[in-house]
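K.L.:
One structure follows; several queries about it will come next.
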Amino acid sequence: MITLKIDGMTCPSCATHIHDTLIQMPGVETADVSYPAGLAKVTAKNEQDTERLIAAINDLGYRATLDAPSATDAPDTPPASGVHIAVIGSGGGAMAAALKAVERGARVTLMERGTIGGTCVNIGCVPSKILIRAAHVAHMRRHSPFDNGITATATAVNQRTLHAQQQARVDELRHAKYENILEKTPAIRVVKGEARFQDAHSLVVDLAEGGRETVTFDRCLIATGARASVPAIDGLAATPYWTSTEALASDTIPARLIVIGSSVVAVELAQAFARLGSQVSILARDTLFSHDDPAIGESLTEAFRSEGIDVREQTQTQSVAYDQGVFTLQTNQGAIEAEQVLIATGRTANTDRLNLNAAGIHHDRQGRITIDAGMRTNVAHIFAAGDCTDKPQFVYVAAAGGTRAAINMTGGEATLDLTTMPAVVFSDPQIATVGLTEAQAQVQGIETESRTLTLDNVPRALANFETQGFIKLVADAKTGRLLGVQAVAGEAGELIQTAALAIRARMTVQELADQLFPYLTMVEGIKLAAQTFSKDVSMLSCCAG
């Protein structure tokens, strides 16, 4: 059985059109095409004819892709017990894989060279969001849209106390969600040490307590994560610069901070430190979020500058010097000084010490392991998940990938579909995206129609006196089906999942506009943005349906 997802059907007649074409093709025995489901299920004498079927449907003016089974479609029956799976790493992807593998009857050896829990809980998502939240509270005490009626107060930031509070919550979550679970799961053996491949069926582990152990396996998952990437800037290596790891571990706030970078980590930490008291400059080689819809970077730059953050676009750092507690950076736009420099220019996969070549595992020039939708490497019994792969670097993608890898390592068949993957940047205003931008859709040959709703049209934003930002909807010009959403708003992260579900459900913008949304919520902005495809929302009453 070949199952194809079909985009572009607008009525049952479309399904009939596709069915009649498929059933006449050589080798096709049956064809069941569903307009509501957007699927075609075909039985053919040769299942290698998938590409031919897809081409035939595309020639009719629709868009067909192979619909592989999801994790929820995978068999629930565990394989025979005794399968031994080696898991390298202990972060989100590794833990999800280990627990799912045990659930399905496997025995797991998990190897970790550092702190149990990986990046997210220890030095990434959790501590950074705590820091960002503390900075938000400090900012709101000094400045809010209601200062005329609620007196602003001078705030004193005790970063040492804030950091201790942050670290206590990190320790608590690591113990509850990682260490405690591992201790209570006897089918997972934890080995503390650094692993590398000896060949395609065994690992050598240099043990943290001394000595060496060889671990042989039936299946293996690589989930070693990534670390901050440091550019080759003249003089930088000889200075006490920060990456995100050192920034989040700091119990002091530098008087002046220079942030080199222009994407997620750069903007999140730049704004947090600015709100905690640093004078912050961001040096962007191009613009903020230059790879996204241009409106995102423009909107965030405006917001940052209004807070006093110095955003320097088209700025390349040529050299760095450090003397008597002060960094001096020479750039193409002149010199700039600060007490601290934060490097936030991307992340590098932790694969360079795994000896991947010994197992014949392919990777790209950046060291990222190449995997398919089932998390398989080019070596059939070796899988990978998370930031060490060529997939998006989000912990929820890592965890989802780990779960699917475990299913596939234990006899199932699951894939990771990233077409409706939401992403959030925890700046203020937040940035949230899902699906395709106009540019991405056009690269795929899709004619688009889009609308951008500014937040001064959203009642909740008006009530909050926070109208900086927008919600943009991208739709298929022929069918009206929602393809993507980009939002810059105070609570954009809380509305983007609604957009993801709408795209997943193949809704049109008109269907979205017709839905009931609770009044005076930010997510109502998605409905209003959908209504702009057919109405002038400025002429609607407050809660017009």
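K.L.:
Can you tell me which residue is surrounded by the most Cβ atoms within 10 Å (Cβ to Cβ) among those in the range 513-535 that are over 21 Å from residue 449 (Cβ atoms) and touching a residue at least 24 places away in the same chain (Cβ under 8 Å)?
P.N.:
So, considering only residues that are over 21 Å from residue 449 (Cβ atoms) and touching a residue at least 24 places away in the same chain (Cβ under 8 Å), the one surrounded by the most Cβ atoms within 10 Å (Cβ to Cβ) is 522.
K.L.:
Output the residues belonging to the range 286-301 that are in contact with a strand residue (DSSP E or B) (Cβ under 9 Å, 6 or more places away or on another chain) and touching a residue at least 24 places away in the same chain (Cβ under 8 Å).
P.N.:
Residues satisfying the conditions are 287, 288, 289, 292, 293, 295, 296, 299, 300.
K.L.:
Sticking with this structure for a sec: Being among the small types (Gly, Ala, Ser) and either within 14 Å of residue 278 (Cα to Cα) or within 21 Å of the chain's Cα centre (by Cα) (or both) is the filter here, so list the residues in the range 300-312 that pass it. Spell out the reasoning first.
P.N.:
Within the range 300-312, the first condition is being among the small types (Gly, Ala, Ser), and the residues that meet it are 303, 306, 308.
Within the range 300-312, 308 is the sole residue that qualifies.
K.L.:
Select, from 253, 258, the only residue that is crowded, with 23+ Cβ neighbours inside 10 Å, closer than 15 Å to residue 342 by Cα and in contact with a Ser or Thr (Cβ under 7 Å, 6 or more places away or on another chain).
P.N.:
Every option except 258 fails the conditions.
K.L.:
Output the residues belonging to the range 204-223 that are farther than 22 Å from residue 401 by Cα and assigned to a strand (DSSP E or B). Lay out the reasoning, then the answer.
P.N.:
Initially, the range 204-223 is screened for residues farther than 22 Å from residue 401 by Cα, giving 204-216.
Within the range 204-223, 204, 205, 206, 207, 212, 213, 214, 215, 216 meet the criteria.
K.L.:
Output the residues belonging to the range 420-468 that are in a loop (DSSP other than H, G, I, E, B) and of a type in the set (Asp, Glu). Write out each step before concluding.
P.N.:
Within the range 420-468, the subset in a loop (DSSP other than H, G, I, E, B) is 420-422, 426-429, 436-437, 444-447, 458, 465-468.
Result: 428, 447, 466.
K.L.:
Only residues that are more than 29 Å from residue 291 (Cα to Cα) and surrounded by fewer than 17 Cβ atoms within 10 Å (Cβ to Cβ): list them for the range 323-371, please.
P.N.:
Hits for the range 323-371 are 323, 324, 325, 326, 339, 353, 355, 357, 358, 360.
K.L.:
Please go through the range 97-145 and pick out each residue that is charged (D, E, K, R), under 30 Å from residue 412 (Cβ atoms) and in a helix (DSSP H, G or I).
P.N.:
From the range 97-145, those charged (D, E, K, R) are 100, 103-104, 107, 112-113, 129, 133, 141-142; that's our starting set.
Then keep just the ones that are under 30 Å from residue 412 (Cβ atoms); that gives 100, 103-104, 107, 112-113.
Selection gives 100, 103.
K.L.:
Can you find a residue in the range 138-151 that is surrounded by 13 or more Cβ atoms within 10 Å (Cβ to Cβ), within 21 Å of residue 245 (Cβ to Cβ) and touching a helix residue (DSSP H, G or I) at 6+ places or on another chain (Cβ under 9 Å)?
P.N.:
Within the range 138-151, none of the residues are surrounded by 13 or more Cβ atoms within 10 Å (Cβ to Cβ), within 21 Å of residue 245 (Cβ to Cβ) and touching a helix residue (DSSP H, G or I) at 6+ places or on another chain (Cβ under 9 Å).
K.L.:
When you scan the range 390-438, how many residues do you find that are out of contact with any strand residue (DSSP E or B) (no Cβ under 8 Å at 6 or more places or on another chain) and not β-branched (Val, Ile, Thr)?
P.N.:
16
K.L.:
Quick check on my filter: what residues within the range 493-544 are more than 19 Å from residue 476 (Cβ to Cβ) and of a type in the set (A, V, I, L, M)?
P.N.:
Within the range 493-544, 495, 496, 516, 520, 522, 523, 528, 537, 539, 540, 544 meet the criteria.
K.L.:
Name every residue in the range 487-537 that is under 25 Å from the mean Cα position of the chain (by Cα), β-branched (Val, Ile, Thr) and assigned to a loop (DSSP other than H, G, I, E, B), in order of residue number.
P.N.:
Selection gives 521, 523.
Every number here is computed from the coordinates shown, using simple stated rules; none is lab data. All values reported here derive from a predicted model rather than from experimental measurement. Positions of Cβ are generated from backbone atoms using ideal geometry, with glycine treated the same way; all protein chains shown enter the neighbour counts.
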